[in-house]
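Working notes for the structure below.
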Amino acid sequence: MLIELTPGPNMAYLAALAVSRGRKVALAAVAGVTLGLLMLGMLAALGLQALVLASPWLYHAIRVAGFLYLLWLAWETWLPPDLQNAESEAYDGFRKGLITNLLNPKAGIFYVAVLPAFVNPSEGGVATQSAALAMIYVGVATAIHLAIVLFADVVGRGISSGSSITTIRRVLALGLVVVALWFLLKT
């Protein structure tokens with residue numbers, strides 16, 4: 001839970017989305033993030049995530065793609081909602097949540113570096129234990145993401161003036177830029 005509470009791309013994106021586009025779109029994004037976490041967890045349980053981390057050029061390419069994608073999300077958050085990409089809003093939130101998470105090395109590193117410490121090979125079924133731990137992590141992360149969305153939605157609804165919403169949206173957009181820079185420099 002503590003690892004999931006550390007600021008990262010999901011937290012910043014979900015809060016910005018809930019304030020700027022509303023609860024429905026942000027909840028769809030939570031579903032996308034959850035699917036992304038689940039996919040990364042299963043890839044890690046099968047050992048495929050370790051291959052990405054063992055390949056410096058592939059890891060770097062994913063990291064840079066994640067950085068650029070976060071900058072794009074920050075730009076979209078900065079824009080007024082009527083200028084944002086308005087294809088099916090819920091689908092758009094889901095898709096962006098999924099992509100944000102698949103390009104998040106923090107999640108991949110967690111699955112490869114932290115979860116294996118809790119796997120006991122003498123208990124058998126390393127892949128099964130890894131998958132079970134990944135499912136627990138996904139459950140905790142999803143609960144935290146839902147709390148972030150619901151809190152940000154309440155804050156967004158509690159603000160009556162359009163200029164206040166614009167200010168909050170832009171602060172969150174700048175927060176996404178900071179997270180993107182941290183993402184690029186520290187991962």
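The values are calculated or read from the model by the stated rules, or taken from the named source; none is laboratory data. Computed from a predicted structure; not experimentally measured. Neighbour counts are summed over all protein chains in view; Cβ atoms, including those assigned to glycine, are modelled from backbone coordinates with ideal geometry. Just so you know, the surface numbers come from the protein's heavy atoms only, side chains and all, with ligands and any DNA or RNA stripped out. Shrake-Rupley method; radii C 1.70, N 1.55, O 1.52, S 1.80 Å.
Between helix 56-78 and the chain, what is the angle of the helix's C-alpha long axis to the longest principal axis, kept within 0 to 90° and rounded to the nearest 10? It works out to around 20 degrees. Roughly what angle does helix 23-45 make with the longest principal axis of the chain, taking Cα atoms, 0 to 90 degrees, to the nearest 10? It works out to around 20 degrees.
Mean separation of Cα pairs under 8 Å and 6 or more residues apart, divided by the residue count, gives the chain a relative contact order of 45 percent. Springs between Cα atoms under 10 Å define the GNM used for the chain, and in it the highest mean-square fluctuation of Ala44, Ala15, Ala117 occurs at Ala117. Given a 1.4 Å probe and the protein chains as shown, Leu98 ends up with an accessible area of around 30 Å².
Specify the angular offset, from 0 to 90 degrees and rounded to the nearest 10, of the alpha carbon long axis of helix 89-102 from the longest principal axis of the alpha carbons in the chain. For helix 89-102, the angle is close to 40 degrees. Counting only Cβ charges, +1 for Lys and Arg and -1 for Asp and Glu, the dipole size of the chain around its Cα centre is about 260 debye. For the residues Ile136, Ile99, Ile144, a GNM of the chain with alpha-carbon springs under 10 Å puts the largest fluctuation on Ile136.
Taking a ≥ b ≥ c as the square roots of the Cα gyration tensor eigenvalues, the stretch 20-150 comes out oblate, since a/c reaches at least 1.5 and a/b does not exceed b/c.
Which order do His145, His60 take when ranked by solvent-accessible area (1.4 Å probe, heavy atoms of all protein chains), largest first?
These residues rank, largest area first, as His60, His145.
For the residues Leu146, Leu184, a 1.4 Å probe over the protein chains yields an accessible-area ranking, largest first, of Leu146, Leu184.
Assign one of three labels to the stretch 142-187, namely rounded, prolate or oblate, based on the Cα gyration tensor with a ≥ b ≥ c the square roots of its eigenvalues; rounded applies when a/c is under 1.5, prolate when it is not and a/b is larger than b/c, and oblate otherwise. The shape class here is oblate.
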